[in-house]
1. Can you list residue pairs whose Cβ atoms sit under 6 Å apart, with the first residue in region 112-133 being under 16 Å from PHE167 (Cα atoms) and among the small types (Gly, Ala, Ser) and the second being part of a loop (DSSP other than H, G, I, E, B) and modelled with pLDDT under 85? Count only pairs 6 or more apart in sequence or on different chains.
2. Based on what the data block shows, is MET137 surrounded by fewer than 19 Cβ atoms within 10 Å (Cβ to Cβ) and either at pLDDT 85 or above or out of contact with any His (no Cβ under 9 Å at 6 or more places or on another chain) (or both)?
3. When LEU121 is evaluated against the numbered criteria (1) closer than 25 Å to PRO229 by Cα; (2) outside any helix (DSSP H, G or I); (3) not small (Gly, Ala, Ser), which criterion, by number, is the only one it fails?
4. Can you find a residue in region 24-36 that is in contact with a strand residue (DSSP E or B) (Cβ under 9 Å, 6 or more places away or on another chain) and closer than 25 Å to TYR218 by Cα?
5. Filter region 133-147 for residues that are assigned to a helix (DSSP H, G or I), more than 17 Å from VAL77 (Cβ to Cβ) and under 21 Å from the mean Cα position of the chain (by Cα) and give the result.
6. Return the residues of region 138-178 that are more than 20 Å from LYS200 (Cα to Cα) and of a type in the set (A, V, I, L, M, F, W, C); say none if nothing qualifies.
7. When only residues in region 56-73 that are outside any helix (DSSP H, G or I) and more than 17 Å from the chain's Cα centre (by Cα) count, which is nearest to HIS160 (Cα to Cα)?
8. Note down all Cβ pairs under 6 Å where the first residue falls in region 145-163 and is more than 13 Å from GLN131 (Cβ to Cβ), the second is among the small types (Gly, Ala, Ser), and they're at least six residues apart or on different chains.
Amino acid sequence: MDEYRGQYVVVGPPGTGKTTRIARSVERCLQTGRRPVVLSLTRSAAAEAAGRVSLPRDSVGTMHSFGWRLQERPSVVESDDVSGSWNEAHPEMGLSPNLFGSLKSSEQDLLNVPQHDDDYLPGNAAYARSQLYRHQMLPPAAWPDADAYRFHTAWEAWKHETGLIDFTDMIDLAPDEPPEGANVLMADEAQDLSRLENHKLDRWAEVAGCAYRIGDPYQALYTWRGADPRRLSHPGNEVPESHRDVLRQS
């Protein structure tokens, strides 16, 4: 981790020191005048990384929070918007308010879509599948689910009318400039990044000049929402052998 140009992959099972490797690399970046940013998919993983590295708070966070800030903090769909404006206009595709949780929208990562509860409404499944297809970067016309396509068409029009974005938009609509003017990006728990999130990370890396994907493809938890652990297990031609590091337990 001394060159800091191009794409890198660091793979290792639990207990092999991946987070320690990030911390040491951040220290070397700072010593050589680099501007590193550490990002993750979940707030808990970002918080763990933040406790290990000596970086400003704004330089450690989730991809969603970085993408939201790069868009100058637009208003994000929350429970009140869904239970009011959306459900009144589209009762046949109503959404459960608890679909979006009670946390601040700027911090929320769309990771848990309730499938069975007393407040489950007809639009929940279509919403979940539409977000999955978006994370898989499938063109809407090619979606295999007509209900998800109908929902998506109405949902996009409603967001445009209300000036809101959803959680996937935090990534999808984010500009390609890297967060915080970084020239080194370190993506922790990268096995859980979707194709869309990997695509955005690639775009940021083109400008930054360097990106690390760090994780364990065998620990992927979010394949149901489009996680693409193959970017770690089969990183492709864009990652030369010299840029691949496999950590092993002592």
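1. ALA128/VAL113
2. Values: surrounded by fewer than 19 Cβ atoms within 10 Å (Cβ to Cβ): yes; either at pLDDT 85 or above or out of contact with any His (no Cβ under 9 Å at 6 or more places or on another chain) (or both): yes.
When the stated conditions are applied, MET137 passes them.
3. Single failed check for LEU121: (1).
4. yes
5. Scanning region 133-147 gives TYR133, PRO140.
6. In the first step, residues of region 138-178 are kept if they are more than 20 Å from LYS200 (Cα to Cα); the result is 141-164.
Scanning region 138-178 gives ALA141, ALA142, TRP143, ALA146, ALA148, PHE151, ALA154, TRP155, ALA157, TRP158, LEU164.
7. Of region 56-73, the ones outside any helix (DSSP H, G or I) are 56, 60-62, 71-73.
Still in the list and also more than 17 Å from the chain's Cα centre (by Cα): 56, 72.
On the way: PRO56: 34, GLU72: 17 Å.
This residue is GLU72.
8. Close Cβ pairs satisfying both conditions: ASP147/ALA126.
The values are calculated or read from the model by the stated rules, or taken from the named source; none is laboratory data. Values in this document were obtained by computation on a predicted structure and should not be read as measured data. Here the Cβ is made from the backbone with ideal geometry for all residues, glycine too, and neighbour counts use every protein chain on show. Heavy atoms of the whole protein, side chains included, go into the accessibility calculation; ligands, DNA and RNA do not. Shrake-Rupley method; radii C 1.70, N 1.55, O 1.52, S 1.80 Å.
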